[in-house]
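Taking it in order: structure first as structure tokens, then the write-up.
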Amino acid sequence: MKEKLKMAARLLLGLILLVFGLNGFFHFMTYPEMSQEAYALMGALSDAGYFFPLIGGLEIIVGLALLTNRWTALALVLLAPLSVHIILFHLVLHLPSIGPALVVFLLNLYLLFANKPKYDTVLAAK
């Protein structure tokens, strides 16, 4: 049962990341209205050279890794700072649309702990 839950969480998170990552390039979903502060932050990040396609590409790569069950532990570690960034953005600037961000954060957290033996093996090798 535990393995089935872990697989379902991995596949759901992978699918979410793949869809949102592809949306970063093809813009097939519309985003809800954001506050002026959220728009200001996005504009400032864009003006500063923050490379949004890189984020979309990372979401696609991590999503594919999770969907194919390849390099899962590494993919989850790469996703951790991004999921924290997403959840903080929504908590501070755009609370009404926190749902998907919360799902990504909680699934990432669950899968990090579910894959703890993989990280223990790496840490024990040192």
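The values are calculated or read from the model by the stated rules, or taken from the named source; none is laboratory data. Predicted, not measured: the structure shown is a model, and the values here were computed from it. Here Cβ is always computed from backbone atoms with ideal geometry, including for glycine, and neighbour counts include all displayed protein chains.
Among the residues making up the range 69-84, those that are touching a residue at least 24 places away in the same chain (Cβ under 8 Å) and of a type in the set (Val, Ile, Thr) are Thr72, Val77. Give me the residue from the range 89-102 that is of a type outside the set (S, T, N, Q) and surrounded by fewer than 16 Cβ atoms within 10 Å (Cβ to Cβ) and, out of that set, farthest from Ile16 (Cα to Cα). Per the stated criteria, the residue is Val92. Just one of (1) more than 30 Å from Lys2 (Cβ to Cβ); (2) over 16 Å from the mean Cα position of the chain (by Cα); (3) hydrophobic (A, V, I, L, M, F, W, C) fails for Leu22. It is (2). Kindly indicate whether any position in the range 101-110 is touching an Asp or Glu at 6+ places or on another chain (Cβ under 8 Å) and under 24 Å from Gln36 (Cα atoms). No, that holds for no residue.
Reported count of residues in the range 20-49, each being of a type outside the set (A, V, I, L, M), over 17 Å from Pro100 (Cα atoms) and either modelled with pLDDT of 90 or more or in contact with a Cys (Cβ under 8 Å, 6 or more places away or on another chain) (or both), is 4.
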